[in-house]
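Okay, so here's the structure we're looking at.
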């Protein structure tokens with residue numbers, strides 16, 4: 001596996017926007033596929049947030065994770081966020097997600113960030129096993145989610 005910045009692979013933005021739209025459009029019913037494309041395109045930084053990491057096995061894009069300033073419009077006081085953790089279905093349950101989370105945490109530390117947040121509708125156990133702690137639960141756009149935090 002090789003992890004890189006999206007900034008070095010902008011050609012995969014259409015794939016990421018398709019993945020994100022399929023996976024999370026239900027959380028953002030007001031967003032179109034074009035909106036997902038535009039938002040991902042804004043994450044092509046290397047030394048500041050927002051940024052995205054992508055992971056390849058050979059030439060195959062197999063996953064991604066992002067650092068964002070804000071990820072929940074109901075929690076503007078919380079910042080920054082790990083978001084957009086996605087692993088291609090055929091690569092799930094092989095440790096790729098855990099590697100991406102650790103790499104995002106390392107990247108955040110390099111940027112001087114000491115505390116991260118995330119929310120998840122269904123992966124609380126996964127993140128808990130990686131040292132994340134539950135803060136609270138809420139309905140976000142009519143979907144029950146768990147808000148989590150981690151001191152880096």
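Restricted to the range 56-67, and to residues that are crowded, with 20+ Cβ neighbours inside 10 Å and without any contact (Cβ under 8 Å) to a residue 40 or more places away in the chain, which residue is farthest from residue 135 (Cα to Cα)?
Among residues in the range 56-67 that are crowded, with 20+ Cβ neighbours inside 10 Å and without any contact (Cβ under 8 Å) to a residue 40 or more places away in the chain, the one farthest from residue 135 (Cα to Cα) is 63.
Mind listing just one residue for me: the one in the range 75-85 that is within 13 Å of the chain's Cα centre (by Cα) and under 13 Å from residue 113 (Cα atoms) and, of those, surrounded by the fewest Cβ atoms within 10 Å (Cβ to Cβ)?
By that ranking, first place goes to 80.
Residues checked against (1) over 18 Å from residue 82 (Cβ atoms); (2) at pLDDT 95 or above; (3) surrounded by 15 or more Cβ atoms within 10 Å (Cβ to Cβ):
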position	(1), (2), (3)
3	no, yes, yes
24	no, no, yes
28	no, no, yes
33	yes, no, no
43	no, yes, yes
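Pairs only if they're at least six apart or on different chains, beta carbon under 9 angstrom, first in the range 85-110 and at negative phi and in contact (Cβ under 8 Å) with a residue 24 or more places away in the chain, second loosely packed, with under 14 Cβ neighbours inside 10 Å and assigned to a strand (DSSP E or B); list them, first residue then second.
If the second residue must be loosely packed, with under 14 Cβ neighbours inside 10 Å and assigned to a strand (DSSP E or B), the pairs left are 88/60; 91/60; 108/115.
Does residue 134 qualify as being in contact with a strand residue (DSSP E or B) (Cβ under 6 Å, 6 or more places away or on another chain), loosely packed, with under 14 Cβ neighbours inside 10 Å and within 25 Å of residue 151 (Cβ to Cβ)?
yes
Could you tell me which of the residues 72, 148 is buried (at least 21 other Cβ atoms within 10 Å of the Cβ) and more than 21 Å from residue 15 (Cα to Cα)?
When all the criteria are applied, what remains is 148.
Testing residue 16 on (1) surrounded by fewer than 19 Cβ atoms within 10 Å (Cβ to Cβ); (2) part of a helix (DSSP H, G or I); (3) in contact (Cβ under 8 Å) with a residue 40 or more places away in the chain, one condition comes back false. Which one is that?
Of (1) surrounded by fewer than 19 Cβ atoms within 10 Å (Cβ to Cβ); (2) part of a helix (DSSP H, G or I); (3) in contact (Cβ under 8 Å) with a residue 40 or more places away in the chain, only one is false for residue 16: (1).
The values are calculated or read from the model by the stated rules, or taken from the named source; none is laboratory data. What you are looking at is a predicted structure, and each value in this text was computed from that prediction instead of being measured. Quick reminder, even Gly has a Cβ in these numbers, built from the backbone with ideal geometry, and neighbours come from all protein chains shown.
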